[in-house]
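**Student:** The structure is given below, and queries will be raised subsequently.
The values are calculated or read from the model by the stated rules, or taken from the named source; none is laboratory data. Note that the structure is a prediction, hence the values are computed from the model and not measured. Positions of Cβ are backbone-derived with ideal geometry, glycine not excepted, and every protein chain shown enters the neighbour counts. To get the accessible areas, we keep the full protein, side chains included, count just its heavy atoms, and leave off ligands, DNA and RNA. Shrake-Rupley method; radii C 1.70, N 1.55, O 1.52, S 1.80 Å.
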Amino acid sequence: MFDGLGKATPEQVYAAVEQLNRRALTAQALQQLRNPHVVLLRHSVQLFVNRRLAERQAAADGQPIYIWRSHDRLQSYGTVPPALAAELEFLPWNKTAHTPTLGMFFRGMEYAFGDSKLPGLHRCTNNSAFGVTLVLHDDEPEPSIEPGVHVLQYMPKGIVVRPGGPPLGTVCSPTAAGEDIVPRDCILVPRETHSFEVLHEGVMVSVTRTGIPLLDGYAVTDYAAQGANFGSADWIAHLNIPHDVLQAEHGRTRSDKRAGTMSRASIFVILTRFRDWDSLHLLAPLWQSGDEEAKQAVMTKFLQLAAREEGLAREIERLQALAAEHRQVVAAQLEELRRRAAAGALARGTTAMAAAAAAMAAGVPQPLHTAA
């Protein structure tokens, strides 16, 4: 339906969206999920969903969760003003050197690598990793080990993680106070410093960020989900139209440009990650019950996404025609090969019969059978 060919009728789109909206989980059903993950559109809800899911998982495991902020400064005049600090918090990770503003840790927390610095050690973009040990700053007071959220005073030195994939074997063994802190199948991800540029009040400013380059792995975008297969029932989708898209389509001011976009490709990627309709569930309904204006806005948007995308459709149709032509050519070639094989077998049979007749005429004894 969202393949760009535009073959679905408006009635079919409306029916599909109505059915999709009914796939939203209730609060009770969401609480019953053991280890929920969310795939969502590229907008700022990812930050909040990741934090909520991480806190939820830590609480379910009875573990404390520690949080801290990365350190930002402006290369031009040092301190980051509050307005810019708020904008930085919602920037996509690919625009902040894959280092989030807010860091989190609990034992077993799921992360994703944002770079491929050590592919031999499974530190590859989008590969998963699981928290093992938090290496605290030397001046950090002993943190509480009670369940709950605990804010650290200083940024940690790094996080020891166990990368997803085959076991690593012995990687390294740095020590702290004479004790090994990196198990044989883990790697240490230390804090790093990177610079990036952002547009603030019409001016490009250069920001230097020091933080730990590990991304929270509980909520991923459609971009990160490409190629994945959500076989687990714990994967749910968030398909609500970003607020700024609705504002723009109603002729209003775009109040939040960080919210993201909603495209045909995004919807297509997310929906096709699930193995079937029964395994697809939504984090939230597409509109609230009784809100006819919101419902119509959603229907209009999905109808636009299901419309024919002329350039893509022409290319798909061209490839389909080439595939059909190729099938005909291959079928003709196979038929010719079968004909030649049959003719060859007939010729070999005729030759063998003639040789046997000649041998019999010459009085040469013939075998009673031949080997298969």
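**Student:** Whether any residue in segment 287-295 is free of Cβ contacts under 8 Å to residues at least 24 places away in the same chain, closer than 16 Å to His238 by Cβ and open to solvent by 70 Å² or more (accessible area, probe 1.4 Å) is what I want to check.
**Tutor:** Among the residues of segment 287-295, at least one is free of Cβ contacts under 8 Å to residues at least 24 places away in the same chain, closer than 16 Å to His238 by Cβ and open to solvent by 70 Å² or more (accessible area, probe 1.4 Å), which makes the answer yes.
**Student:** State whether the residues of segment 86-98 include one that is under 20 Å from the mean Cα position of the chain (by Cα), surrounded by fewer than 17 Cβ atoms within 10 Å (Cβ to Cβ), among the β-branched types (Val, Ile, Thr) and assigned to a loop (DSSP other than H, G, I, E, B).
**Tutor:** Scanning segment 86-98 turns up no residue that is under 20 Å from the mean Cα position of the chain (by Cα), surrounded by fewer than 17 Cβ atoms within 10 Å (Cβ to Cβ), among the β-branched types (Val, Ile, Thr) and assigned to a loop (DSSP other than H, G, I, E, B).
**Student:** Looking only at segment 306-326, count how many residues are among the basic types (Lys, Arg) and farther than 24 Å from Tyr14 by Cβ. Before the answer, list the steps.
**Tutor:** Just the residues of segment 306-326 that are among the basic types (Lys, Arg), to begin with: 308, 314, 318.
This time we only want the ones that are farther than 24 Å from Tyr14 by Cβ, so: 314, 318.
Here the count works out to 2.
**Student:** Step by step: first the residues of segment 24-77, then only those that are free of Cβ contacts under 8 Å to residues at least 60 places away in the same chain and among the charged types (D, E, K, R), then the one that is nearest to Val207 (Cα to Cα). Which residue is that?
**Tutor:** Among them, the one singled out is Arg52.
**Student:** Of all residues in segment 57-85 being outside any strand (DSSP E or B), at pLDDT 90 or above and open to solvent by less than 50 Å² (accessible area, probe 1.4 Å), which is farthest from Ser144 (Cα to Cα)?
**Tutor:** Initial filter on segment 57-85 (outside any strand (DSSP E or B)): 57-63, 70, 75-77, 79-85.
Pick out the ones that are also at pLDDT 90 or above and you get 57-63, 70.
Still in the list and also open to solvent by less than 50 Å² (accessible area, probe 1.4 Å): 57-58, 62-63, 70.
Numbers: Gln57: 18, Ala58: 14, Gly62: 13, Gln63: 11, Ser70: 21 Å.
The extreme case among them is Ser70.
**Student:** Also: For segment 127-148, check the following and say yes or no: at least one residue is touching a residue at least 24 places away in the same chain (Cβ under 8 Å), buried (at least 17 other Cβ atoms within 10 Å of the Cβ) and in contact with a helix residue (DSSP H, G or I) (Cβ under 7 Å, 6 or more places away or on another chain).
**Tutor:** The answer is no, given that none of the residues of segment 127-148 is touching a residue at least 24 places away in the same chain (Cβ under 8 Å), buried (at least 17 other Cβ atoms within 10 Å of the Cβ) and in contact with a helix residue (DSSP H, G or I) (Cβ under 7 Å, 6 or more places away or on another chain).
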